Amino acid sequence: MDARKFSTHILDTSVGKAAANVRVTVSRLDEIQEWRSLRAAQTNEDGRCQLLEPSQFPSGIYKLTFHVGSYFAERNVRTLYPVIEIIADCSENQNYHIPLLLNPFSYSTYRGT
């Protein structure tokens, strides 16, 4: 594989729709075991987001921080989880798609394609 891809997709299961305009921060665990922020991105109208370009995505451990508090606040919905962090080991030479299924009081994630 020449170029790895790193992406996410957020679905709000409480309304059965994609979660648009959610800020996602990407960090990488460095050699001294500290998180280094790489970039912030935002989901599109379909709830999708390309997190890193292939040239910016070496093997390693990454943290995705989903800033969902403002998403729910804009809808006048209280949430138990204003920020959700997902840590993934992206050491294999392959694409990584990390979806987030979200509602105000629970969430889940999985390895997508």
**Prompt:** The list (i) 2, 10, 16, 19, 15, 12, 9, 6, 5, 3, 1, 1, 0; (ii) 2, 10, 21, 22, 19, 10, 6, 4, 3, 2, 1, 0; (iii) 2, 12, 24, 24, 18, 11, 6, 2, 0 gives values of P(r) over Cα pairs in 5 Å bins from 0, in percent, and only one came from this structure; which label was calculated from it?
**Reply:** (iii)
**Prompt:** Residue by residue, what Karplus-based ³J(HN,Hα) values in Hz, rounded to whole numbers, does segment 17-23 have, using 6.51, -1.76 and 1.60 with θ = phi - 60° and x for Gly and Pro?
**Reply:** 9, 5, 9, 8, 6, 9, 6
**Asked** So what is the accessible area of the chain per residue, in Å², with the probe set to 1.4 Å?
**Response** 58
**Prompt:** Say R0 is 22 Å: what FRET efficiency, to the nearest 0.05, do L101 and S59 get from their beta-carbon distance?
**Reply:** 0.25
**Fill in**
The answer for the longest stretch of the chain without any exposed chymotrypsin sites (Phe, Trp or Tyr not before Pro) (DSSP loop, at most 14 further Cβ atoms within 10 Å) is 1-104
**Message:** Taking 0.36 nm per residue of sequence separation and subtracting the Cα-Cα distance, how much length would be gained by fully extending the chain between T13 and Q94, in nm to one decimal?
**Reply:** 26.4 nm
**Request:** Identify, among H67, A40, V77, the residue whose Cα sits farthest towards the positive end of the charge dipole of the chain, taking +1 on the Cβ of Lys and Arg and -1 on the Cβ of Asp and Glu, with the dipole about the Cα centre.
**Result:** V77
**Sparse-neighbour loop sites [GluC sites (Glu not before Pro); segment 1-88; at most 11 other C-beta within 10 Å; DSSP]** = E31, E34, E45
**Request:** Quick one: which residues, 5+ away or cross-chain, put their amide H under 5 Å from the amide H of F6? H built at 1.01 Å from N.
**Result:** L51, L52, Y96
**Prompt:** Along its principal axes, what span do the Cα atoms of segment 35-93 show, with the longest given first and each in whole Å?
**Reply:** 41, 23, 18
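The values are calculated or read from the model by the stated rules, or taken from the named source; none is laboratory data. Being a predicted model, the structure only gives us computed values, none of them experimental. Note: ideal-geometry Cβ built from the backbone for every residue, glycine included; neighbour counts use all protein chains shown. Heavy atoms of the whole protein, side chains included, go into the accessibility calculation; ligands, DNA and RNA do not. Shrake-Rupley method; radii C 1.70, N 1.55, O 1.52, S 1.80 Å.
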